[in-house]
Every structure is written in structure tokens, then in C-alpha cells.
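K.L.:
Dropping a structure here in C-alpha cells format, bear with me for questions.
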Amino acid sequence: MTRVIGIVSGKGGVGKTTFSINLGIALRNLGRKVVVIDCNVSTPHLAYYLGKENYSVTLNDIFREEVDVKFAPLDCGGVMFIPASEDLKDVINIDILSLRTHITKLCKGEEFDYVILDSAPGLGREALSVLQTCDEIIFITKPTIPTLTDITRVAEVASKMGHSNFHVVLNMVRNKNYELRALQAKNLFKTRILGTIPFDEIVMDSTALGIPIMWHKPDSKVSVSYLNIAANLAGIKYRQVSKLRKFSKRVKKFFGGIKKSATKFRS
Ligand SMILES: Nc1ncnc2c1ncn2[C@@H]1O[C@H](COP(=O)(O)OP(=O)(O)OP(=O)(O)O)[C@@H](O)[C@H]1O
Ligand SMILES: [Mg+2]
């Protein structure tokens, strides 16, 4: 059965889109079929973070019923994705709350093991559409008190909507005294922490280049964290994961050529 996972946060800029893509790649490395969907239609970033500048189909086309969701996923290095349009005129006259109908249709064929919904932050219409659609929620948060408390507000709304399957990921961890540790966060949320991801500026570099960190630096601590998180989510032991990192290296080699042309294009 397809698992529909919402990548959600209280605050913006905590790393949801970065997480969605790299989780998708990590799950793909584990042999899972994944589609990552940009549900942040007002400020979409998914395609940019994947280094994709030209794409034929967007989530906005699906909302306008111009494209059937089943034919929408685009291939990027083995990870399927559906971008949202960056054209402002495409934000008008779309029914964001129809997301659930389209994702239900997409799941019917059981073509994918995971549908990953990259949400907008907070509790606006876009974020609510993701909460309405997903079966499981991964909250992305920095390990600081204000960011964590914002999540508890979203979690409360999600609970009222009938959700109980929550995971938490602590992102941009610097191990400073003012940060909450994983155990403290676990006690606060009364749910398990799916994983922690260190703060590393190479993530920002990879974002600027349009090459996900899992491809750009597959041996970095951040990439290993993504693999651990994917393994946790899929219920696979870490030792099996380390063998699969070789696959990630091969993909990196393949994308070496693309990296050069992407850098040239953006400069
Ligand atoms: N572990 C990390 N270490 C350092 N920088 C990171 C890390 N994870 C994400 N970032 C950076 O943080 C910035 C924001 O990330 P991202 O766009 O994924 O956040 P977001 O939650 O999707 O934002 P929004 O709420 O606006 O959609 C990006 O520049 C990204 O490179
Ligand atoms: Mg985002």
C-alpha cells in the first residue's frame, strides 16, 4: 500500500523541501518507488532544488484538471517528482483543497511505495490541504524552543483532523547548549524522533547548485542522516543501508556532468 507522507512544519525555512527531496532519494536508494510533490504552490522551490528549469507538467495543471495526476510525475535521476508552477498567474483559480482527490487517484494504481508531500509552513490553506491528504506526518523542526512549540500547534490541529501517525525530525542540529536534545524533544512530543540532521553549509551549497546533497556529497554526515531516516521510516536496519551508499555514489558520478552544466547555466 502506498504511504502518503506530509512533510510539515510550523515555521518556514526549516528545511522541508530539502528534506522531501533527499528523503525521496534515500528511499529510492533503498529500492522504494517514490514521488515527491511540491504542495507549496505560492512559493514553490522543489524544481529549483532539483536543478530542473524546464518541466512540462505542474501540480497547478492537475488542479485545473488539464492533466491527469497519473501521467504527471517527471523523472529526475530515478526519483519521480511533480513540481508546482513558478508562474504567478498559475496560482489564480486553482482548488488547492482538491489535492486529496488527486492523490487518492494517484495511489489507486499502487505504482508508488511513497508519496511525499512537501508542504507550505504553518496552517494556511496549502498546509491544511496536505494535512487533509496525508496518512502520516513528518514534522521538520530546528531543535530550538520557538520552532518546536510552533509544531505543537500544528500537531494539535492535525490531531483534531484525526491524525495520530506523527514523526519528528530535528534539522540543522548544531549541538549548542540552547538546543533541545533528541530525548528532550521526544518527551515534549511524546512521539519518537525519526532522526536528526546536522547543520552543514554544504547543504546550502547543494541547494544553490540545484543538486540534492544526497547526490552532491553522498558520504557527508548529512547524507548519512538522510539514509538513516529513510531506513527508520522503511523499517530497515542501518547496516543494510551502508551497502546501498555505493548506488548513491554511482548516481553522483552520473550527475557530475549535469552539475557542470547547471553551474554554467546559473552563473
Ligand atoms: N541540515 C541543513 N544544514 C544547513 N542548511 C540547511 C539544512 N537543511 C536545509 N538547509 C538550508 O535551509 C534553507 C531553507 O531550506 P528549505 O527551503 O528546504 O526550507 P523549507 O522549510 O522548505 O522552507 P519554506 O517553508 O519556505 O518552504 C535552504 O537554503 C537549505 O539549503
Ligand atoms: Mg519549502
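No value in this document is a laboratory result; all are computed from the given coordinates. Here the structure is a predicted model, which is why all the values come from computation and not from measurement. When we count neighbours, we look across all protein chains shown, and the Cβ atoms used for this are built from the backbone with ideal geometry, even at glycine.
K.L.:
Sorting SER225, SER20, SER98, SER206 on the 10 Å Cβ count, fewest up front, what's the list?
P.N.:
SER98, SER225, SER206, SER20
K.L.:
Still on this structure, I have one more. Hey, with R₀ at 45 Å, roughly what FRET efficiency would ARG64 and ARG181 work out to, going by the Cβ-Cβ distance, to 0.05?
P.N.:
Step by step, r from the Cβ atoms, then E = 0.45.
K.L.:
Still on this structure, please answer the following. Could you pull out the pairs from LYS52/LYS217; LYS16/LYS108; LYS70/LYS108 whose alpha carbons sit more than 21 Å apart here?
P.N.:
Checking Cα-Cα distances, LYS16/LYS108 exceed 21 Å.
K.L.:
Starting from one equal scatterer on each C-alpha and no solvent at all, send me the Debye-based log10 I(q)/I(0) for segment 13-153 at q = 0.16, 0.19 Å⁻¹, two decimals.
P.N.:
Rounded to two decimals, the profile gives -0.82, -1.17.
K.L.:
Sticking with this structure for a sec: What's the Cα-based Rg to Rh of the chain, Rh via Kirkwood?
P.N.:
Taking Rh as the inverse mean 1/r over Cα pairs, Rg/Rh reads 0.94.
K.L.:
How many nm is it between the label spots at ASP135 and LYS160, if each spot is 7 Å from the Cα in line with the beta carbon?
P.N.:
My value for the distance between the label points is 2.6 nm.
K.L.:
Could you tell me the calculated FRET efficiency between MET1 and LYS52, based on Cβ-Cβ distance and R0 = 45 angstrom, to the nearest 0.05?
P.N.:
0.95
K.L.:
Considering the options SER98, THR144, ALA26, tell which one lies farthest towards the positive end of the dipole of segment 14-165, charges being +1 on Lys and Arg and -1 on Asp and Glu at the Cβ, about the Cα centre.
P.N.:
THR144
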